[in-house]
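Reviewing the structure listed below.
The values are calculated or read from the model by the stated rules, or taken from the named source; none is laboratory data. The structure displayed is predicted, hence computed values, not measured ones. Cβ coordinates were reconstructed from backbone atoms using ideal geometry, including for glycine residues, and neighbour counts include every protein chain displayed. Protein only, heavy atoms only, side chains kept; ligands, DNA and RNA dropped before computing areas. Shrake-Rupley method; radii C 1.70, N 1.55, O 1.52, S 1.80 Å.
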Amino acid sequence: MNFFKFKRYNRVFILPTKFGSIYLLMVFIMLIAGAAYNNNLVNLFAYFLASVAFICMFQTNDNLKSIEVKQVEMSSGFSDSTLKLVVNLYNSSKKPKFNIQAQFTDLINIEQLEMNQPLLSKSQTRVISIYESPKRGHYQIKEIKISTIYPLGLFYSWMYQTCDHDFYVYPKPNGTQKIPPPQFQYQNTSPNSKNNQMGEDFSEHRNFIKGDSPHHLNWKAFARGRGLLVKEFKTGASQFLLLSINDCKQDFTEEKLEQLSQWVEYCRRQDLSFALNLGDKKFSAQKGSQHIQKCLKALAQYKDQDSI
Amino acid sequence: MRISGLERKSVSKYNKLFISLAVTANISLHAFQIPVWVTLISSVFIFWNILNIYYNISLPHPFVRNLFVILGCFFIYMHYETVMGLEAATAILVLISSIKLIDFSKYKDSMTAIYMCFMLLFFHLLNSQSIGSSIFFGIDILGIYLLIFSLHQSDRRKSIRNFYPAFKILLLAVPVWIFLFIVFPRFQTSTLQLTNKIAQRGFSNQVSPGQVTELTQSDEVVFRVHFNTKMESQNLYFRGNTLETTTGMFWSNQVKSFGLPTFKTSPGQQKVLGEYILEPNISPYIFSLENPLMLQMSADSYYQFSTGSIKLHSEPQTRIQYQVLSDLSAHLESKAKDLNVYLQKPKLSPKLNELVQKLNLQLKANSTTRTKIKLLLNYFTENKFQYTLTPSSLKYQNELEDFLLNKRTGFCEHFAASFGVLARALNIPSRVVVGFQGGTYNPYTDHWSVYTKDAHAWNEIWIAEENIWLRVDPTEFVAPERIQKGERQYEQSKMQSYFNSQKSEELNRKINQAIEMISYKWNSFLLNYDFNYQKRLLSFLGFAEHTYVELSIVLLTGFLFLYLIFKIYQNIPAAEKKPELKIYREFCASLEKLKIYRPQNEGPLDFQNRLLMQFPNSQTEIQEFFSNFINCRYKNSYTKNQIALLKQSTKNALKSIHSTPKRYSQQ
């Protein structure tokens, strides 16, 4: 096991930073020079630097204690963009904490937004960091690394805290294929349907189910001996787009998924109803953010049957 | 250890300006010690940087910067013929620091520039250990740390309160600093030489008219001494070199009479123990009161001469501390065979021969040596010889005659040289001693400071009847005030009477004494805290005959102890001086037991509202408590009764809250 990966949760670790190492090297050189030249002022200087480093070590270590991760939120996104991680930290100690960073170490960090205000006692704050999107897929955040170099950047103190959050990286919208032509769909409505709209055109009969209103029974059919039948009507034809992986002309699965992702984005922008067919997974035609999210998640999690 | 994102962080204009100031201040320490062209180039880059900060003037291309660095290093190498010496390294560091100033927009560049300030300060302290340097060191280091703290601060509000944590760190570091200074092992290493950085003052192996005068142009401290008994200025003759070879006014030390001196002691011994601190200087001689019986010093080795002079192997490059036990009542002795060298007579002019014959005629056949000495001294006093701070030049190659017969005005070296020659002319073995006479006493620290101005020359005459060398100071007879006050004060008093400003003399003296006291304490404890001093101090503390292993254990134990103190300090809540805040804090602490936490930034009214929602049954008590608290806290003054009322309402509120369940849980 890699020594630096060995971790115990909620335990604070500390090491000198790059500048901290240079600082300690400077102290060492000054001590040697002070002894060689018998120069007490240089010795005093070296001792002072060492004393400040000694105190700093405790301050840096202490800055992370009593910090708890209350909430983690990583927004899902496309694979060619950036992802934002928002971590809610809570300070359960009596002293304010400064300059704390929270990171998800499995991704490449692009930017770490600084805390502009100290994290006061018994308070919460949000720490935001930006990451480069990995490949499409479903990811889980099992732990968050909290770190600090406060107050003087001489020491780097860090600890891991567990959490449970997942996010998706969708295929990037990319493709030149024209979106498939819209298709039409008739919707059947029945008296008991939740949709209150009743159509005018007769669509079909169905068998009587206990609870159906007797006013909608086809009595003529009953008189003819066909049993108890309920009439169903259609509201009219609605159009939707059928996005199917089989319709994608690209050679590779990833490119096909990117094409589908682009079509989904198009539908989102145009507020169009669409259905998605990924072979083993099918999503009926709908529109709205929830439907789009489900489809994009399916695209993110798609596994090529040939490659399984 | 990668600092994620921080290395790409930009530095604010505010921080850039202060970093520039810090680097400029540290570069200016070396401005006069490096080649002029390096100073000029650095000034150009500093100025360019300031223009960039304020007026967004574009900076030079990295290629230009690198070119300046390479060319600069090359020319510095050509100037010093090396890059390994302290001066060359300083010049290179100054050049690179100033060029770095025009490229520190990011965090790591700023930290690099700040760390260069540390190195510049370090180089400065290698060259200078004065109090002024130390005061600058204190201010500089404080500024640098505040700057580093500012770079790592999250709070963007520009307020001095933001720097309180930095001050706290520095204050907490002070006890650790003191502990390290006292306990960290010191080593007995031979010191390295720092070229061109020692004081250019001191006696050489010869004296001639003008040389002692030249020394008195400088007002630097040569050494400081503390005696174990009260001393008068007129008794303070600090011996340096002893000169025996003369050509007239010119005396030199050619004969090395190695060996311990022997003394003839008097019944009434007057032993004085002196603790000396000698500043670095070009003279290899150790100065001490006459008749040194015992010498204790940490220098590698030294020579003692039978003349009583003490000489080091080489000129002291660093400050030296030593102790000498002197017997003021004793007199040096010599063997008869060693006296011939002190009778060597220079060639005298006919007029001087005439003078010698005249003096001989005044002596009786059985005149004692002391009688002869008195005769010679009378010659100076009766012929109105004058002691002057500004002696005029004497005739070339006829200085002795010109002084004794014509000018008759001179400095101590004139009197000592001529007296020595006249004594030899009368067949009395004589020699000239150069050293210091008098000094400035500081009553606050009970020590004497001897300056270059106190340089002096006097004679030693062999008293054949007593077999002793007797100190004879002709200056004492010509200008007794000079001997009583010491040269420095004698000169100052002359200046004071000239300007008729005696009223300010007392104030000036006190100011000088105060400055001298600080300087003495600074030198004697701080700068001279070496291996031996540490050994003595640790012995005093009970660590006699410590080894380095034992010292390391003490160091480690000390650190652990400091760590414990620090942890205890961190857990001690701040004492609340205001009674209403103390009561409020206790109220909040009591609520924490019910897991009701008040964030630091939540005001009393918001907190009240939150509590009212959670404890509707305790509404009256809670409102009463907060109303009383707000009245006490935010009014200009309050009475004891109001505090008592607040205490009572606190109890009521807490009792009510604790007895009723919460409406819903609070995070």
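In the stretch A:54-65, the residue that is nearest to the other protein chains (Cβ to nearest Cβ) out of those that are touching a strand residue (DSSP E or B) at 6+ places or on another chain (Cβ under 8 Å) and aliphatic (A, V, I, L, M) is A:Met57.
Could we say that A:Val69 is closer than 29 Å to B:Leu146 by Cβ, assigned to a strand (DSSP E or B), over 12 Å from the mean Cα position of the chain (by Cα) and not acidic (Asp, Glu) here? Against the criterion (closer than 29 Å to B:Leu146 by Cβ, assigned to a strand (DSSP E or B), over 12 Å from the mean Cα position of the chain (by Cα) and not acidic (Asp, Glu)), A:Val69 does not qualify. Within the stretch A:66-88, the set of residues being open to solvent by less than 20 Å² (accessible area, probe 1.4 Å) and within 13 Å of chain B (Cβ to nearest Cβ) comprises A:Leu85 only. Within the span defined as the stretch A:35-43, every residue fails to be under 23 Å from A:Asn99 (Cβ atoms) and open to solvent by 10 Å² or more (accessible area, probe 1.4 Å).
On the basis of being outside any loop (DSSP other than H, G, I, E, B) and modelled with pLDDT under 85, does A:Gln197 make the cut? So A:Gln197 fails the test. Only one of the numbered conditions (1) at the interface with chain B (Cβ under 9 Å from one of its Cβ atoms); (2) part of a strand (DSSP E or B); (3) at pLDDT 90 or above is violated by A:Ser129, and that is (3). Taken over the stretch A:150-175, the criterion of being of a type in the set (Ser, Thr, Tyr) and either open to solvent by 20 Å² or more (accessible area, probe 1.4 Å) or within 13 Å of A:Ile14 (Cα to Cα) (or both) is satisfied by A:Tyr150, A:Tyr156, A:Ser157, A:Tyr160, A:Thr162, A:Tyr168. Tell me which residues, restricted to the stretch B:263-278, are open to solvent by 20 Å² or more (accessible area, probe 1.4 Å) and either closer than 20 Å to B:Ser301 by Cα or charged (D, E, K, R) (or both). Of everything in the stretch B:263-278, those that are open to solvent by 20 Å² or more (accessible area, probe 1.4 Å) and either closer than 20 Å to B:Ser301 by Cα or charged (D, E, K, R) (or both) turn out to be B:Lys264, B:Lys271, B:Glu275.
Conditions (1) free of Cβ contacts under 8 Å to residues at least 12 places away in the same chain; (2) within 20 Å of B:Ser266 (Cβ to Cβ); (3) open to solvent by 30 Å² or more (accessible area, probe 1.4 Å), marked per residue:
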position: B:Asn291; (1), (2), (3): no, yes, no
position: B:Met294; (1), (2), (3): no, yes, yes
position: B:Tyr302; (1), (2), (3): no, no, yes
position: B:Ser309; (1), (2), (3): no, no, no
position: B:Arg319; (1), (2), (3): no, no, yes
position: B:Ala330; (1), (2), (3): no, yes, no
position: B:Ser334; (1), (2), (3): no, yes, yes
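For the stretch B:125-141, the condition of being under 27 Å from A:Arg126 (Cβ atoms), open to solvent by less than 10 Å² (accessible area, probe 1.4 Å), at the interface with another protein chain (Cβ under 9 Å from one of its Cβ atoms) and among the aliphatic types (A, V, I, L, M) holds for none of the residues.
Under the condition of being within 14 Å of chain A (Cβ to nearest Cβ) and open to solvent by less than 30 Å² (accessible area, probe 1.4 Å), the residues counted in the stretch B:604-631 number 1. With respect to the numbered conditions (1) open to solvent by less than 70 Å² (accessible area, probe 1.4 Å); (2) among the polar types (S, T, N, Q); (3) at pLDDT 80 or above, which one is the sole condition not fulfilled by B:Asn467? Against the list (1) open to solvent by less than 70 Å² (accessible area, probe 1.4 Å); (2) among the polar types (S, T, N, Q); (3) at pLDDT 80 or above, B:Asn467 comes up short only on (1). Among the residues of the stretch B:62-109, the ones that are among the β-branched types (Val, Ile, Thr), modelled with pLDDT of 85 or more and either under 21 Å from A:Ile29 (Cα atoms) or open to solvent by 20 Å² or more (accessible area, probe 1.4 Å) (or both) come to 7 in all. Remark: B:Tyr303 falls outside the filter, which requires a residue to be farther than 21 Å from B:Ser233 by Cβ, at pLDDT 85 or above and part of a strand (DSSP E or B). Would you mention how many residues in the stretch A:158-174 are in contact with a Leu (Cβ under 8 Å, 6 or more places away or on another chain) and more than 10 Å from every other protein chain (Cβ to nearest Cβ)? Summing the residues that are in contact with a Leu (Cβ under 8 Å, 6 or more places away or on another chain) and more than 10 Å from every other protein chain (Cβ to nearest Cβ) in the stretch A:158-174 gives 6. In this structure, does A:Ser147 turn out to be surrounded by 16 or more Cβ atoms within 10 Å (Cβ to Cβ), in contact with a helix residue (DSSP H, G or I) (Cβ under 9 Å, 6 or more places away or on another chain) and within 13 Å of chain B (Cβ to nearest Cβ)? When the stated conditions are applied, A:Ser147 passes them. Count of the stretch A:100-117 residues, restricted to those that are assigned to a strand (DSSP E or B), under 17 Å from A:Thr82 (Cα atoms) and either open to solvent by less than 60 Å² (accessible area, probe 1.4 Å) or of a type in the set (Gly, Ala, Ser) (or both), is 4. Among the residues of the stretch A:254-270, just one is more than 16 Å from A:Asp80 (Cα to Cα) and of a type in the set (Ser, Thr, Tyr), namely A:Tyr266. Within the stretch B:148-173, the set of residues being part of a helix (DSSP H, G or I), within 10 Å of chain A (Cβ to nearest Cβ) and either open to solvent by less than 50 Å² (accessible area, probe 1.4 Å) or modelled with pLDDT under 90 (or both) comprises B:Ile148, B:Phe149, B:Leu151, B:Asn162, B:Pro165, B:Ala166, B:Lys168, B:Ile169, B:Leu170, B:Leu172, B:Ala173.
In the stretch B:573-584, the residue that is modelled with the highest pLDDT out of those that are assigned to a loop (DSSP other than H, G, I, E, B) and more than 11 Å from chain A (Cβ to nearest Cβ) is B:Lys578. Restricting to the stretch B:278-309, and then to whatever is among the aliphatic types (A, V, I, L, M) and within 21 Å of B:Trp448 (Cα to Cα), can you tell me which residue is farthest from the chain's Cα centre (by Cα)? Among those that are among the aliphatic types (A, V, I, L, M) and within 21 Å of B:Trp448 (Cα to Cα), it is B:Leu293.
Among the residues making up the stretch A:12-34, a single one is among the hydrophobic types (A, V, I, L, M, F, W, C), open to solvent by less than 40 Å² (accessible area, probe 1.4 Å) and touching a strand residue (DSSP E or B) at 6+ places or on another chain (Cβ under 9 Å): A:Val12.
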